[in-house]
Amino acid sequence: AALLLLSFLGFGLITILKAARPTPKMETRRGTVRFAYPDEVLAYVQKNVPEGQHLYVHPYQAFYTYMTATVNPTHILFLQPGLNTPGQYAATLGDLIADRTPFVLLNTDFADNIPAVWPSTPAESLARDPVEDYILKHYRTCQVLNPTPKQTWRFYFMVRADLSCPARP
């Protein structure tokens, strides 16, 4: 009984100490948030993309446009392989082309995670992504960013091919 009591007390103490540990705060254009680790993507976008500017995040990540107070230039707010129709992909591509969106965040690792997270996604929907194809042909990478040190996802901060990358600090 004493061992069981000590175990519960130990787990309780660990939980309390973990909760009391300071977590990094980050100022965003929407307010202060706390993360386990600072978000490199969020910090970079806030530094290099003006508030209210058009920023397209592909395949989707509304978090970044919301927290940086930037604007998704397309009518489709959530675009993900297997969940959207070819027509929605075409509409998104048309919006992106018509807008001449200057900045893009591209996550090329997203499709690698779909079979584990959404196993019913049809394989043919992963085979071709016309929006990603367009981005890779008409934008260039300025910076490769990881959201946090614990995540393996990479985001490519890209600018339209006729624009310059933001100046490095």
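Here is how the numbers come out for the structure above:
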item: Protein accessible area in the chain, 1.4 Å probe - carbon and sulfur %; result: 61
item: Candidates G94, G52, G12, ranked by Gaussian network fluctuation over the chain, Cα under 10 Å, top entry; result: G12
item: Extension gain (nm, one decimal) between L5 and S120, 0.36 nm per residue minus Cα-Cα; result: 36.9 nm
item: Percent of beta bridges antiparallel (DSSP, the chain, rounded to nearest 5); result: 75
item: Highest-fluctuation residue, L136, L83, L96 considered, GNM on the chain with Cα pairs under 10 Å; result: L83
item: Neighbourhood net charge (10 Å Cβ-Cβ; Lys/Arg +1, Asp/Glu -1) for T108; result: -3
item: Charge sum, other residues only, whose C-beta stays under 15 Å from A62's C-beta, Lys/Arg counted +1 and Asp/Glu -1; result: +1
item: Helix runs (DSSP H) in the chain reaching 15 Å along axis by Cα, Kyte-Doolittle at least 0.0; result: 2-20, 86-99
item: Cα point-scatterer Debye curve for segment 35-118, base-10 log of I(q)/I(0) at q = 0.17, 0.24, 0.25 Å⁻¹; result: -0.74, -1.23, -1.28
item: Choice from F110, F78, F11 showing the highest fluctuation, given a GNM over the chain with Cα pairs closer than 10 Å; result: F11
item: Reported label for calculated percent of Cα pairs over 29 Å apart given (1) 32; (2) 39; (3) 17; result: (1)
item: Accessible area per residue in Å² at 1.4 Å probe, computed on the chain; result: 60
item: For Q143, distant residues with modelled amide H under 5 Å away; result: F157
item: Förster radius 22 Å - calculated FRET efficiency between D109 and R160, Cβ distance, rounded to 0.05; result: 0.45
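The values are calculated or read from the model by the stated rules, or taken from the named source; none is laboratory data. Fair warning: this is a prediction, and the values are worked out from it, not measured in the lab. Glycine also receives a Cβ, built like all others from the backbone with ideal geometry; neighbour counts cover every protein chain displayed. These area figures cover heavy atoms from the full protein model, side chains too; ligands, DNA and RNA do not enter into them. Shrake-Rupley method; radii C 1.70, N 1.55, O 1.52, S 1.80 Å.
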